[in-house]
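A.B. asks: Encoded as structure tokens, here's the structure I'll be asking about.
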Amino acid sequence: MVSEILHVAEGTKIVDGSGNEVVLRGTSLGGWMMMENFMNGFPGREMQIRKAIRNVLGQEKSDFFFDKFLEYFFTDEDAVFLKSLGLNSLRVPFNYRHLEDDMNPGVVIPEGFKHIDRVVDICARHGIYTILDLHSAPGGQSQDWHCDNPTGYAAFWDQKSFQDRVVHLWTIIAARYKGNPWVAGYNPLNEPADEQWTRLLAFYERIERAIREVDPDHILWLDGNTFSMDFSGFTKIFPNTVYAIHDYCGYGFPNRIGRYQGEAEQDKYIRAMYDRKVEFMKKHNVPIWNGKLPFPEDGTCRTYITTGEFGPIYEREEYNPDYKVHNQERYNMLEKQLSIYSSEGIHWSIWSYKDVNVMGMRYVSPNSEWIKLLGPFIRKKRELAVDSWAYDDVHLQEGLFGPLHKWFEENIPEKYGKKYPWQWRMHMHVFRGVRGITMAEYLVPEFADYFRGKSYEDLDALAKSWSFENTVGRDKLNNLLKLHSTMKPDDPQLVNVIRSAAENKHNSNGVFELSPLELDQRK
């Protein structure tokens, strides 16, 4: 009997049980079972905000609120909407804390699967594949907030016990979803950041072997190192495995590398940024996503790469009087990226589906109970530039952060001025520590106090703010995604796409250089 589960076949394709090619294009449930500060409106990390709200409401009310939040966030209405755009996949990020307690390590919490099961089943009913993504691992697999790491220290790589727990957890997950044809695969670790590389490679060897012993059929989706931007250290290619790049571009953010104007040099930069991330795979002709990458002399290779995350952030009328102009520039930039992806026939998952009007396909309505209650705090948080993502701190540079950054630079000798993650300049490390961690810690109890005294009815209304009916669609974004959701490389609408990697600058070793501009464009 032929398995119905999607799998890598013929070196270049993902196919279903009947041998039909499936190109997965969709979005992610960011801010759901792994809540993020810029997406949901709170400061700091999810673990901090859950604890603070529990202290204010008590255990019973807190559990009620967060359960209703997860329930309302994704329902059949959401799946119908995604399907209407031609999207056929949904990446499902989750925090390990739903499935395991740090005070009882290794013991899986069965109730933690409640909402994952529900979303997988909803998507299956509507013909949407799901990819299960461990977004937060014990100890933190990166230095940042998006793995629920409150410290800036990625302890996951230094303590084997954390790695053991993740391996065990994935054997439980794999056993649970083994044989499910609507699960497109497992993403064992989102955006790992291992300074040494060797520990990541060793962990991937372990996790691949452990999952395959339980479930030999589902595809594995492996992120590159350093926030899935670096693949240069890979030495072994696993069968039935996808290699995912994350392709955020600085033109999609305020005050990073300038505004996108459609200039030839900007388009070359966008293409070079993409090609740099896949350069290793093309150079060594190794499988990415689902096959080996031909690299013909004319540079117009048809690849099967997956872009696991990408997308700009958007301006809001209340913060920027020129928001329409700036947003259109970012749509234009996004169209350039999507045109590259379509011209190469790759699979993608845009980040993300819902948020508080930052980068989501849908955002919580200004008339919702969530924004009515928390809007003033969200504005304050923005004015303080607390979040490490989607921040705009120009107004704080001259009198506050500019002098602080200069003080660091003047007192740290140049030869000691580099610190992993390598793509962050010194000022990025500084503001993450001062604003994203320390300042955020002081703001956490203030945010939680907004929930004080709320009844069950109030909490239900707040949670329901995240339902489909209480969110607003970002029409220009969604129309653009619909256009490219089923687009093929030979589509006549693909015009002015830079296809030749030969036009991009290389260093003496033939490797794509990371430009100084790109150093400042990541999380």
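A.B. asks: G402 is checked against (1) open to solvent by 70 Å² or more (accessible area, probe 1.4 Å); (2) farther than 23 Å from G41 by Cβ and fails just one. What number does that condition carry?
C.D. replies: Failing condition for G402: (1).
A.B. asks: Now a separate question. Could you tell me whether any residue of the stretch 78-89 is assigned to a strand (DSSP E or B), of a type outside the set (S, T, N, Q) and either buried (at least 24 other Cβ atoms within 10 Å of the Cβ) or touching a helix residue (DSSP H, G or I) at 6+ places or on another chain (Cβ under 6 Å) (or both)?
C.D. replies: First, pick out the residues of the stretch 78-89 that are assigned to a strand (DSSP E or B): 89.
Those still in the list that are of a type outside the set (S, T, N, Q) too: none.
Scanning the stretch 78-89, I find no residue that is assigned to a strand (DSSP E or B), of a type outside the set (S, T, N, Q) and either buried (at least 24 other Cβ atoms within 10 Å of the Cβ) or touching a helix residue (DSSP H, G or I) at 6+ places or on another chain (Cβ under 6 Å) (or both), so the answer is no.
A.B. asks: In the stretch 440-462, how many residues are open to solvent by 50 Å² or more (accessible area, probe 1.4 Å) and within 24 Å of the chain's Cα centre (by Cα)?
C.D. replies: Of the residues in the stretch 440-462, 1 are open to solvent by 50 Å² or more (accessible area, probe 1.4 Å) and within 24 Å of the chain's Cα centre (by Cα).
A.B. asks: Okay, moving on. Quick check, is N187 open to solvent by 10 Å² or more (accessible area, probe 1.4 Å) and within 30 Å of K336 (Cα to Cα)? Break it down into steps so the answer makes sense when it comes.
C.D. replies: On the way: open to solvent by 10 Å² or more (accessible area, probe 1.4 Å): no; within 30 Å of K336 (Cα to Cα): yes.
No; evaluated as a whole, the condition is false for this residue.
A.B. asks: Working carefully through the options L169, L134, find the one that is under 26 Å from K68 (Cβ atoms), in contact (Cβ under 8 Å) with a residue 24 or more places away in the chain, open to solvent by less than 30 Å² (accessible area, probe 1.4 Å) and in a strand (DSSP E or B). Break it down stepwise before answering.
C.D. replies: Values: L169 fails: in a strand (DSSP E or B).
None of the others qualify; the one that does is L134.
A.B. asks: While we're here: Pairs only if they're at least six apart or on different chains, beta carbon under 6 angstrom, first in the stretch 453-469 and in a helix (DSSP H, G or I), second loosely packed, with under 15 Cβ neighbours inside 10 Å; list them, first residue then second.
C.D. replies: As it stands, the answer is F468/E77, since those pairs meet every condition given.
A.B. asks: Could you identify the single residue in K336, K354, K324, K283 that is at pLDDT 90 or above and surrounded by fewer than 19 Cβ atoms within 10 Å (Cβ to Cβ)?
C.D. replies: On the way: K336 fails: surrounded by fewer than 19 Cβ atoms within 10 Å (Cβ to Cβ); K354 fails: surrounded by fewer than 19 Cβ atoms within 10 Å (Cβ to Cβ); K283 fails: at pLDDT 90 or above.
None of the others qualify; the one that does is K324.
A.B. asks: How about the stretch 234-256: which of its residues are at pLDDT below 90, open to solvent by less than 10 Å² (accessible area, probe 1.4 Å) and part of a loop (DSSP other than H, G, I, E, B)?
C.D. replies: none
A.B. asks: Right, here's the next one. Here are some conditions: (1) open to solvent by 10 Å² or more (accessible area, probe 1.4 Å); (2) not in a helix (DSSP H, G or I). G360 meets all but one. Which one does it not meet?
C.D. replies: Only one criterion is unmet by G360, namely (1).
A.B. asks: Answer yes or no: is there a residue in the stretch 406-416 that is in contact with a helix residue (DSSP H, G or I) (Cβ under 8 Å, 6 or more places away or on another chain) and either under 26 Å from N479 (Cβ atoms) or assigned to a helix (DSSP H, G or I) (or both). Give the steps one after another, and end with the answer.
C.D. replies: Of the stretch 406-416, the ones in contact with a helix residue (DSSP H, G or I) (Cβ under 8 Å, 6 or more places away or on another chain) are 408-409, 412.
When the remaining residues are screened for being either under 26 Å from N479 (Cβ atoms) or assigned to a helix (DSSP H, G or I) (or both), the result is 408-409.
Yes, the conditions are met somewhere in the stretch 406-416.
A.B. asks: Tell me yes or no: at least one residue of the stretch 132-139 is within 30 Å of D16 (Cβ to Cβ) and hydroxyl-bearing (S, T, Y).
C.D. replies: No, the stretch 132-139 has no match at all.
A.B. asks: Also, quick follow-up: Quick check: is even one residue across the stretch 484-506 in a helix (DSSP H, G or I), at pLDDT 90 or above and within 24 Å of the chain's Cα centre (by Cα)?
C.D. replies: So in the stretch 484-506, the residues in a helix (DSSP H, G or I) come out as 484-485, 501-503.
Add one more test, that the residue is at pLDDT 90 or above, and what stays is 484-485.
Those left that are additionally within 24 Å of the chain's Cα centre (by Cα): 484-485.
Within the stretch 484-506, one or more residues are in a helix (DSSP H, G or I), at pLDDT 90 or above and within 24 Å of the chain's Cα centre (by Cα).
A.B. asks: Given the options E369, E329, name the one that is within 24 Å of T27 (Cβ to Cβ) and modelled with pLDDT of 95 or more.
C.D. replies: On the way: E369 fails: within 24 Å of T27 (Cβ to Cβ).
On inspection, the qualifying residue turns out to be E329.
The values are calculated or read from the model by the stated rules, or taken from the named source; none is laboratory data. Since the structure is predicted, the reported quantities are computational estimates derived from the model, not experimental observations. Heads up, the Cβs are rebuilt from the backbone with ideal geometry, glycines too, and the neighbour counts pull from every protein chain shown. Surface areas here come from the heavy atoms of the whole protein model, side chains and all, with no ligands, DNA or RNA. Shrake-Rupley method; radii C 1.70, N 1.55, O 1.52, S 1.80 Å.
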